[in-house]
Amino acid sequence: MDSIPTTKVTGETVRSDFNSINTVLHYTRAAHFLGLWKSERALIAKYFTAPAAPLLEAGCGAGRVAVGLWHQGYRAITAFDFAAELLEQAGNLAAEQGIDGITFLQADATRLELCPALRDQSFNGAVFMFNGLMQIPGREHRRRALRGLQRLCRPGAPFLFTTHDRDDPADRDEWAREADRWARGEQNPRLVEFGDRYFTDENGNTFMHLPVRGEVLDDLAATGWSHVEDLTRNALASETPMVRNFSDNCRFWVARKI
Ligand SMILES: C[S@@+](CC[C@H](N)C(=O)[O-])C[C@H]1O[C@@H](n2cnc3c(N)ncnc32)[C@H](O)[C@@H]1O
């Protein structure tokens, strides 16, 4: 019988989960059939106003956003992910569509200084879409990613990312029960911090941290970003049923490099 791991989720766990077959299929389908969401298109058009300027995408997965950006006219996109299987799908999708101008790289957002292809680069903006930042276990590691992306951007560059709210009133009771579990030491032993979730469904295993608003504001301030605005996807656009089925409502954050 397989033993159930009780060690905490690490970046390696997350990378291996994203490389698993069901997860790769899930994100590849989204890249082929969903493309950019209306809310993403609206914020990208608002903040990324120079399509020829270098743009960095963190956690590009199977290429949904990078290829979508290309179709919006952006022509200097560098997209990276640490999951090789997803990156291969992203390269295939771009090739199938005759796109040869996107640079895809394998890199870990928490260790960007180790990626030679990113060294000495300077981007006019960065995105980390669909909750990728919050799929990094451990607050200090998320801050490392925020610092690493900040270093690669020019002063004033916009940075766009999303989170799922922990302070959503609809989830208050569930988080109160989770706080009790943590107080008794009875939380899922694989979780790193309060606010983490690690679950399994038909798309594979998913780790995510759900932050409260103040936590994100503190993390931005500690890593050289100034907060510009944050708003929910529902406040931004009415998404198609396919998008709503793919992802719950989320919060978009916009920051600028100080
Ligand atoms: C929810 S998926 C989103 C994929 C794609 N951006 C999309 O919207 O379809 C999050 C992505 O972040 C990547 N990711 C998570 N942690 C990462 C890290 N430390 N370095 C690089 N990529 C990471 C995962 O491999 C995955 O592709």
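Descriptive notes on the structure:
- Restricting the first member to region 71-100 and to residues that are closer than 15 Å to ALA52 by Cβ, and the second to residues that are within 14 Å of the ligand (Cβ to nearest atom) and of a type in the set (Asp, Glu), the beta-carbon pairs closer than 9 Å and six or more apart or on different chains are ILE77/GLU57; THR78/GLU57.
- Screening region 1-15 for residues that are outside any loop (DSSP other than H, G, I, E, B) and surrounded by 15 or more Cβ atoms within 10 Å (Cβ to Cβ) and picking the one that is farthest from the chain's Cα centre (by Cα) gives THR13.
- ASP17 vs. criteria closer than 18 Å to LEU152 by Cα, within 11 Å of the ligand (Cβ to nearest atom), modelled with pLDDT of 95 or more and of a type in the set (Asp, Glu): no
- Restricting region 74-89 to residues that are hydrophobic (A, V, I, L, M, F, W, C) and either part of a strand (DSSP E or B) or near the ligand (Cβ under 9 Å from one of its atoms) (or both), the residue that is nearest to SER16 (Cα to Cα) is ALA83.
- So GLU215, is it surrounded by 15 or more Cβ atoms within 10 Å (Cβ to Cβ), at negative phi and in a loop (DSSP other than H, G, I, E, B): no
- Count - residues of region 100-135 that are assigned to a loop (DSSP other than H, G, I, E, B), closer than 23 Å to LEU34 by Cβ and within 8 Å of the ligand (Cβ to nearest atom): 3
- Residues being within 12 Å of the ligand (Cβ to nearest atom), touching a residue at least 40 places away in the same chain (Cβ under 8 Å) and of a type outside the set (Ser, Thr, Tyr) - total across region 20-37: 8
- Among the criteria (1) touching a helix residue (DSSP H, G or I) at 6+ places or on another chain (Cβ under 6 Å); (2) under 16 Å from VAL254 (Cβ atoms), the one ARG64 does not fulfil is (2).
- Residues satisfying the criterion are absent from region 38-53 (criterion: surrounded by fewer than 19 Cβ atoms within 10 Å (Cβ to Cβ), basic (Lys, Arg) and within 10 Å of the ligand (Cβ to nearest atom)).
- Scanning region 62-71 for residues that are small (Gly, Ala, Ser) and either surrounded by fewer than 19 Cβ atoms within 10 Å (Cβ to Cβ) or over 19 Å from LEU152 (Cβ atoms) (or both) turns up ALA62, GLY63, GLY68.
The values are calculated or read from the model by the stated rules, or taken from the named source; none is laboratory data. This is a predicted model, so every value here is computed, not measured. Neighbour counts are summed over all protein chains in view; Cβ atoms, including those assigned to glycine, are modelled from backbone coordinates with ideal geometry.
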